[in-house]
Protein chains: 2
Amino acid sequence: MTIPSARRGLMLVLSSPSGAGKTTMSRQLLAQDPGISLSVSVTTRPPRAGETDGVDYRFVSHAQFEALVAEGALLEWAEVFGNRYGTPRAPVEAALAEGRDVLFDIDWQGTQQLRQSQAGGDLAAIFLLPPSMQALEERLRRRASDAEEVIRQRMARAADEISHWAEYDYVLVNDDADMCLAEIQAILAAERLRRDRQTGLVSFVRALLAG
Amino acid sequence: MTIPSARRGLMLVLSSPSGAGKTTMSRQLLAQDPGISLSVSVTTRPPRAGETDGVDYRFVSHAQFEALVAEGALLEWAEVFGNRYGTPRAPVEAALAEGRDVLFDIDWQGTQQLRQSQAGGDLAAIFLLPPSMQALEERLRRRASDAEEVIRQRMARAADEISHWAEYDYVLVNDDADMCLAEIQAILAAERLRRDRQTGLVSFVRALLAG
């Protein structure tokens, strides 16, 4: 008898204010767990230095973005600072059907829409809080040579993002990156073990009891 | 600012047919995690060799058991092979209120009653399946010098217990004890990180946003 492995994939959402470590956590999780892959968003914002089309984002024009929305090709989308960001539907649905998990690095607006989408039952949403706003501001200043006005704008947006913490299933304080990653991995491991995700169990138990 | 630690305790239920490794898992989990303690059941069955009153069970007479039921002192109780088993309410409620977790080594009847009790919202229920009925029978024969009739009775009861697997939140196949323990620990870690269990978050986020 083989151990049941068939299961539905799950959508793991990681949200946090910019600077709270979400992108670092995502990269480390993806590097250490072959069972989960990143949902690559489409965006109308121009690529930043070091970003690769199709890896970090799929970069499209405003007209292309509107066409994707019109044809229902996006699971969710939102506008931030005049730029649009969205999640292509087809690759997500294909992954879930094959029992592969998908990681989403999206904000509260995207999470709300994802929850309301057809695939909402497959969602486990994690919110990362910074240990303090000061720590957040230091990280923002350290990582980019942004103008003071941009920092101010990002901090205001961070407070707005944080105000949505209560819409998430899990809330973590990212005070220690290693511990935070371990906590995310524990959540993913536990979510995979939920009975209702393990579609192979019914036939496994039937065979078990049949001897 | 301190990281939020205040939270409600949770009730972690571990059920499995006799011989599927539940007791070994419980002992190892308790030994490695000071944040969780075992709910000691009361029972009318006589102590077995090596069992200590107040540690393995609280051993009581049938009259004492009936008095506990009558005064509402048990969260759940059930009768198995003519013996009664129950969970004392007071120590569980005290632990949960103090943010300590409680482990329950109970069967499907106890789990159903616990879910319907007032504390039901605090429940995370795990079912351990054996990799095969043959493996289960081997473990039963190895561990006890039970008569053939007792083995037969236990196997019938195991099948009955397994038939309730779908009433649990998580289902694990105990094919490898180390992996199984790690999975139980991941579930416990994840359940502790659920937003609705972390009662300290509201004031933490308020202080965070106030700077």
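The values are calculated or read from the model by the stated rules, or taken from the named source; none is laboratory data. Here the structure is a predicted model, which means the values were calculated and not measured. All Cβ positions, even for glycine, are placed from backbone atoms using ideal geometry, and neighbour counts span all protein chains on display.
Does the range A:150-161 include one or more residues that are under 30 Å from B:R192 (Cβ atoms) and among the small types (G, A, S)? Yes.
Considering the range B:13-35, and only residues there that are free of Cβ contacts under 8 Å to residues at least 24 places away in the same chain and part of a helix (DSSP H, G or I), the residue that is nearest to the chain's Cα centre (by Cα) turns out to be B:R27.
Consider B:A78 carefully, then state whether it is small (G, A, S) and either more than 14 Å from chain A (Cβ to nearest Cβ) or under 28 Å from B:R152 (Cα atoms) (or both). Yes, satisfied. If the requirement is being among the charged types (D, E, K, R) and within 11 Å of chain A (Cβ to nearest Cβ), which of these qualifies: B:E167, B:E148? Going through B:E167, B:E148 in turn, the sole match is B:E167.
Do we find that A:E137 is over 22 Å from the mean Cα position of the chain (by Cα), more than 8 Å from chain B (Cβ to nearest Cβ) and either outside any helix (DSSP H, G or I) or within 20 Å of A:S15 (Cα to Cα) (or both) in this structure? For A:E137, the condition - over 22 Å from the mean Cα position of the chain (by Cα), more than 8 Å from chain B (Cβ to nearest Cβ) and either outside any helix (DSSP H, G or I) or within 20 Å of A:S15 (Cα to Cα) (or both) - is met. The residues of the range A:40-93 that are small (G, A, S) and under 15 Å from the mean Cα position of the chain (by Cα), listed by number, are A:S41, A:A78, A:G86. Count of the range A:170-179 residues, restricted to those that are more than 7 Å from chain B (Cβ to nearest Cβ) and either surrounded by fewer than 14 Cβ atoms within 10 Å (Cβ to Cβ) or outside any loop (DSSP other than H, G, I, E, B) (or both), is 4.
Assessment of the range B:143-164 against the conditions (within 17 Å of the chain's Cα centre (by Cα), in a helix (DSSP H, G or I), crowded, with 16+ Cβ neighbours inside 10 Å and free of Cβ contacts under 8 Å to residues at least 60 places away in the same chain) yields no matching residue. Looking across the range B:41-77, the residues that are among the hydroxyl-bearing types (S, T, Y), surrounded by 15 or more Cβ atoms within 10 Å (Cβ to Cβ) and in contact with a Ser or Thr (Cβ under 9 Å, 6 or more places away or on another chain) come down to B:S41, B:T44, B:Y57. A Cβ distance below 8 Å, combined with a sequence gap of six or more or placement on separate chains, defines the contacts here; from the range B:180-193, residues that are within 7 Å of chain A (Cβ to nearest Cβ) and surrounded by fewer than 23 Cβ atoms within 10 Å (Cβ to Cβ) reach residues that are assigned to a helix (DSSP H, G or I) and among the polar types (S, T, N, Q) in the pairs B:A186/A:Q185. Here A:P130 fulfils each of the conditions (1) within 12 Å of chain B (Cβ to nearest Cβ); (2) closer than 26 Å to B:I184 by Cα apart from (2). Exactly one residue out of A:A78, A:A63, A:A119, A:A95 is at pLDDT below 90, among the small types (G, A, S) and outside any strand (DSSP E or B): that is A:A119.
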